[in-house]
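Since the structure comes first, as structure tokens, the remarks are kept for the end.
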Amino acid sequence: MNSRILRGLFALLLLPIPALASLGGDVTTVEADLAKMQGSLRTTSNNAYTLHEIQTSTGVTVREYVSTSGKVFAVTWQGPIHPDLRQLLGTYFDAFTQAEQAQRAERRGRGPVQIQEPGLVVQVAGHMRAFLGKAYVPQMLPAGIRAEDIQ
């Protein structure tokens, strides 16, 4: 192979691969998350949604709630480390980081993060080796499902 082609291929490998969206994405993003997290998957269904639970080798459990229309309307996580929130929150990650920075600037110090925007709710809490969180899009909650049902 020509060395120019090899250099070009190598350069392509160095480019960042965008994280596939989970929250707000379709059910195919669950498979992408599973592959990236290198975990095991357990799926359960009811009339309103399908719950995809990914267990990673690092002890993190991620739950992705998928509506009957195939959209991820909520994600939760718990474990000894934070999962990749950019991956889990997808297109909502920038809104989350902006709201989180504004909240932290107002109250100075550490503590749980509670973001309640019209199109996004995120709750993050915990301490070293025991983190948990939940994020959902209120407008995407299936009929009959309350925020308290997302665990």
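The values are calculated or read from the model by the stated rules, or taken from the named source; none is laboratory data. The structure presented is a predicted model; accordingly, all values stated were derived computationally and were not measured. Glycine also receives a Cβ, built like all others from the backbone with ideal geometry; neighbour counts cover every protein chain displayed.
Where strands (runs of 3 or more DSSP E) fall wholly inside region 55-126, the ranges with 3 or more residues that are among the hydrophobic types (A, V, I, L, M, F, W, C) are 72-79. Please find, within region 68-86, the residue that is surrounded by the fewest Cβ atoms within 10 Å (Cβ to Cβ) out of those that are in contact with a helix residue (DSSP H, G or I) (Cβ under 7 Å, 6 or more places away or on another chain) and under 19 Å from G144 (Cβ atoms). The qualifying residue surrounded by the fewest Cβ atoms within 10 Å (Cβ to Cβ) is K71. Based on what the data block shows, is P142 in a loop (DSSP other than H, G, I, E, B), buried (at least 19 other Cβ atoms within 10 Å of the Cβ) and either at pLDDT below 95 or in contact with a Phe, Trp or Tyr (Cβ under 7 Å, 6 or more places away or on another chain) (or both)? No; evaluated as a whole, the condition is false for this residue.
If the condition is being at pLDDT 80 or above and closer than 20 Å to R42 by Cβ, then region 16-32 contributes S22, L23, G25, D26, V27, T28. Need the failing condition index for V121 against (1) of a type in the set (A, V, I, L, M); (2) surrounded by fewer than 16 Cβ atoms within 10 Å (Cβ to Cβ); (3) at pLDDT 95 or above, just the number. The number of the failed condition is (2). Only residues that are under 17 Å from G24 (Cα atoms) and outside any loop (DSSP other than H, G, I, E, B) were counted in region 127-139, giving 6.
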